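Engineer: One structure is given below, represented as structure tokens, and several questions about it will come after.
The values are calculated or read from the model by the stated rules, or taken from the named source; none is laboratory data. All values reported here derive from a predicted model rather than from experimental measurement. Cβ coordinates were reconstructed from backbone atoms using ideal geometry, including for glycine residues, and neighbour counts include every protein chain displayed. Quick note on the areas: whole protein, heavy atoms, side chains included, nothing else; ligands and nucleic acids left out. Shrake-Rupley method; radii C 1.70, N 1.55, O 1.52, S 1.80 Å.
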Amino acid sequence: MLHYQILTVTPFAQNCTLLWDDESREAVLIDAGGEVARLKQTIEQLQLKLVALWLTHGHLDHAGAVGELAQYYQVPVIGPHAEDAFWLDALEQQSKMFGFPVPQPVVVNQWLAGNETLYLGQYPIEVRFTPGHTPGHVVLYSKDLNLVWTGDVLFAGSIGRTDFPRGNHAQLIASIQRELFSLPDETRFIAGHGPMGTIGQEKRTNPFLAGRAG
């Protein structure tokens, strides 16, 4: 069975998720944005074996701990889409801009394009390409958990910013309609920031999206 724990990290209160299979004890971190020592401690306390680091997109508060953790655990970095390579290349610049510790460089071992299936133990995780907040953003969907990680595309009551370089509002809305609103209404989501929600609730009440469910 899959289990998860949300670890809110960085001054931007980013929701990093530790996801694991209780049979194999294999685990992944989704969007390890910072606070390396705390993430390591949690992995050790739960007696897990980290096997990969998954990224929804290349912003600092989602990727800041990835380089150091990948080197420490000798595990691959998977995601996001290659269109976000320029964001990962600019991590040092981003960190100086926001006063974050300068992170170790991130080397992506597998770029994602959408429609791939990742596995944790025997459990499939579906990759969906959702550009708009960034050009290479992806979301990750677990049918087994009835759960989708939306990164900074969709929030409870809000949507992702598109005023960053190569952000695109129309593209973001299209991504949400195509890749998230096509999921069952009861699907829960973990956003990059803030509380969890459900797809159905956002269809009905999100002020940026109401009436756009298609």
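Engineer: Among the residues of region 132-151, count how many are within 25 Å of Thr205 (Cβ to Cβ), open to solvent by less than 10 Å² (accessible area, probe 1.4 Å) and part of a loop (DSSP other than H, G, I, E, B).
Structural biologist: Count: 3.
Engineer: Ok, one more. Residues of region 170-185 being part of a loop (DSSP other than H, G, I, E, B) and over 18 Å from the mean Cα position of the chain (by Cα), which ones?
Structural biologist: The answer is Ser182, Pro184, Asp185.
Engineer: Shifting gears a bit: Restricting attention to region 15-25, which residues are touching a residue at least 24 places away in the same chain (Cβ under 8 Å), in a loop (DSSP other than H, G, I, E, B) and of a type in the set (Asp, Glu)?
Structural biologist: Of everything in region 15-25, just one residue is touching a residue at least 24 places away in the same chain (Cβ under 8 Å), in a loop (DSSP other than H, G, I, E, B) and of a type in the set (Asp, Glu), namely Glu23.
Engineer: Conditions: (1) touching a residue at least 60 places away in the same chain (Cβ under 8 Å); (2) of a type in the set (Gly, Ala, Ser); (3) more than 22 Å from His3 (Cα to Cα). Gly194 meets all but one. Number of the miss?
Structural biologist: Going through (1) touching a residue at least 60 places away in the same chain (Cβ under 8 Å); (2) of a type in the set (Gly, Ala, Ser); (3) more than 22 Å from His3 (Cα to Cα) one by one, Gly194 breaks only (3).
Engineer: Another question, then. Would you check if Glu179 is surrounded by 18 or more Cβ atoms within 10 Å (Cβ to Cβ), among the acidic types (Asp, Glu), touching a strand residue (DSSP E or B) at 6+ places or on another chain (Cβ under 6 Å) and in contact (Cβ under 8 Å) with a residue 40 or more places away in the chain?
Structural biologist: On the way: surrounded by 18 or more Cβ atoms within 10 Å (Cβ to Cβ): yes; among the acidic types (Asp, Glu): yes; touching a strand residue (DSSP E or B) at 6+ places or on another chain (Cβ under 6 Å): yes; in contact (Cβ under 8 Å) with a residue 40 or more places away in the chain: yes.
Criteria met by Glu179.
Engineer: Tell me the residue from Val102, Val106, Val127, Val75 that is without any contact (Cβ under 8 Å) to a residue 12 or more places away in the chain, hydrophobic (A, V, I, L, M, F, W, C) and either open to solvent by 30 Å² or more (accessible area, probe 1.4 Å) or not in a helix (DSSP H, G or I) (or both), please. Before you say what the answer is, go through the steps one by one.
Structural biologist: On the way: Val106 fails: without any contact (Cβ under 8 Å) to a residue 12 or more places away in the chain; Val127 fails: without any contact (Cβ under 8 Å) to a residue 12 or more places away in the chain; Val75 fails: without any contact (Cβ under 8 Å) to a residue 12 or more places away in the chain.
Only one candidate qualifies: Val102.
Engineer: Take Arg166 and decide whether it is part of a loop (DSSP other than H, G, I, E, B) and more than 17 Å from the chain's Cα centre (by Cα).
Structural biologist: yes
Engineer: When region 26-59 is examined, which residues are found to be assigned to a helix (DSSP H, G or I) and open to solvent by 10 Å² or more (accessible area, probe 1.4 Å)? Let's see the steps before the verdict.
Structural biologist: The initial filter retains those residues of region 26-59 that are assigned to a helix (DSSP H, G or I), namely 36-45.
Of everything in region 26-59, those that are assigned to a helix (DSSP H, G or I) and open to solvent by 10 Å² or more (accessible area, probe 1.4 Å) turn out to be Val36, Ala37, Arg38, Lys40, Gln41, Thr42, Glu44, Gln45.
Engineer: In region 186-214, how many residues are part of a helix (DSSP H, G or I) and surrounded by 14 or more Cβ atoms within 10 Å (Cβ to Cβ)?
Structural biologist: Result for region 186-214: 5.
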